[in-house]
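The values are calculated or read from the model by the stated rules, or taken from the named source; none is laboratory data. Being a predicted model, the structure only gives us computed values, none of them experimental. Don't worry about glycine lacking a Cβ; one is built from the backbone with ideal geometry, like all the others, and counts go over all protein chains shown.
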Amino acid sequence: MQIPDLNLLVALNILLEEGSVVGAARRMNLSAPAMSRTLTRIREALNDPILVRSGRGLVPTPRALELREQVRGAVELAHGVFTQSQATDLRELERTFSIRANDVFFGVYGAALRQQMALEMPKATLRVVPEGFTDDQALNEGRIDLTICATNRFSSDIKVQRLFTCPFVGLAREGHPIFDQPITPQIFAGFDHISVSRRGHARGPIDTLLAEQGLERRVLFTTPTFYSAIFALAGADLILPLMPQVLLKTLEPLGLKLRAFELPITLQPVEIVQAWHPRLDNDHAHRWLRRTLKTFCDNAV
């Protein structure tokens with residue numbers, strides 16, 4: 001009996017995760033034509049198209065969906081077999097960690113994490129995955145290794161660890177007229193605001209608190225990331241009312257002349273957590289990643 005090429009199993013797992021020949025090629029350090037040839041071999045071995053064209057992308061066939069969990073489990077089992085004996089040799093570990101987090105966290109801790117990895121796990125790489133609109137089971141399905149976010153709404157089997165509590169401040173350019181007088185709720189609501197929302201929402205808890213005092217603000221600009229909001233402040237009389245305080249330390253190297261102020265309304269701070277699937281709980285490299293991030297956050301408090 002012919003022994004199957006187990007490299008096809010790894011390639012199939014990555015193709016199903018990426019849903020893209022180009023994306024899978026990038027992760028496997030192959031050219032797109034080489035990855036396309038690998039997909040052809042997989043199709044021949046399984047007698048199924050596996051991924052078919054839909055619009056501008058590829059979608060899995062019913063057969064591929066049936067195999068996805070089985071393939072992922074087999075690849076993870078094989079990974080455990082070959083890395084268990086090298087559990088303490090992080091310097092030789094070749095692995096990509098997929099972390100879902102927003103620009104705030106990696107803006108503050110990304111450089112330190114990369115530097116520490118260069119020292120202790122130099123052959124490993126990071127892949128930052130943007131936050132999604134919903135909990136799409138990425139942790140359960142193994143498409144990401146770690147989620148860092150401001151929520152505890154996970155299924156009961158997901159492991160969660162608190163990293164830090166994040167209060168908010170306001171931010172405006174130096175010389176903004178908001179600094180010409182004490183910042184009251186009335187003064188605060190009187191200037192045009194920026195809203196940061198990956199869903200495109202212009203309204204939120206601030207509006208509820210202002211409405212309780214008979215006030216209403218005008219949101220002139222809505223953007224999905226804090227850094228795009230920060231750069232929008234430099235030459236305008238806009239204010240950013242929900243600036244994570246932890247992000248202030250990253251502004252000075254940017255050379256932007258901005259100034260923080262205490263909010264005249266009471267907003268509850270947000271708890272930031274890291275979450276992972278229990279199958280990674282005892283994984284030596286994953287434990288290193290979680291412990292390193294937790295140490296960074298503890299030392300920053």
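Descriptive notes on the structure:
- Whichever residue in the stretch 283-297 is within 12 Å of residue 109 (Cα to Cα) and in contact (Cβ under 8 Å) with a residue 12 or more places away in the chain and, among such residues, is surrounded by the most Cβ atoms within 10 Å (Cβ to Cβ): 293
- Just one of the listed residues (37, 43, 68) is at pLDDT below 90 and among the basic types (Lys, Arg), and it is 68.
- Boolean, residue 77 is in a helix (DSSP H, G or I), over 21 Å from the mean Cα position of the chain (by Cα), more than 27 Å from residue 22 (Cβ to Cβ) and modelled with pLDDT of 90 or more: no
- Criterion applied to 148, 206 was being outside the structural domain of residue 232 (by TED's automatic domain parsing), within 32 Å of the chain's Cα centre (by Cα) and aliphatic (A, V, I, L, M), and the one residue passing it is 148.
Matching residues to (1) crowded, with 18+ Cβ neighbours inside 10 Å; (2) not basic (Lys, Arg):
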position: 126; (1), (2): no, yes
position: 138; (1), (2): no, yes
position: 158; (1), (2): no, yes
position: 165; (1), (2): no, yes
position: 173; (1), (2): yes, no
position: 180; (1), (2): no, yes
position: 184; (1), (2): no, yes
position: 189; (1), (2): yes, yes
position: 201; (1), (2): no, yes
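- Residue check, residue 266 surrounded by fewer than 14 Cβ atoms within 10 Å (Cβ to Cβ), part of a helix (DSSP H, G or I) and not acidic (Asp, Glu): no
- Selection count, the stretch 222-259, where residues are outside any strand (DSSP E or B) and touching a His at 6+ places or on another chain (Cβ under 8 Å): 2
- In the stretch 269-282, residue surrounded by the fewest Cβ atoms within 10 Å (Cβ to Cβ) [restricted to those that are assigned to a loop (DSSP other than H, G, I, E, B) and in contact (Cβ under 8 Å) with a residue 12 or more places away in the chain]: 281
- Selected residue [touching a Lys or Arg at 6+ places or on another chain (Cβ under 7 Å) and surrounded by 18 or more Cβ atoms within 10 Å (Cβ to Cβ)] from 240, 258: 258
- Taken together, the criteria place residue 170 among residues that are among the small types (Gly, Ala, Ser), within 25 Å of residue 242 (Cα to Cα) and modelled with pLDDT of 90 or more.
- Condition check for residue 30: closer than 19 Å to residue 72 by Cβ and at pLDDT 85 or above: no
- None of 160, 219 is part of a strand (DSSP E or B), of a type in the set (Val, Ile, Thr) and either over 30 Å from residue 289 (Cβ atoms) or at pLDDT below 90 (or both) except 219.
The rows are residues; the columns are (1) surrounded by fewer than 16 Cβ atoms within 10 Å (Cβ to Cβ); (2) out of contact with any helix residue (DSSP H, G or I) (no Cβ under 8 Å at 6 or more places or on another chain); (3) over 21 Å from residue 138 (Cβ atoms); (4) without any contact (Cβ under 8 Å) to a residue 12 or more places away in the chain.
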| residue | (1), (2), (3), (4) |
| --- | --- |
| 13 | no, no, no, no |
| 32 | yes, no, yes, yes |
| 54 | yes, yes, no, yes |
| 58 | no, no, no, no |
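- The residues of the stretch 28-52 that are at positive phi and touching a Pro at 6+ places or on another chain (Cβ under 9 Å) amount to a single one, 50.
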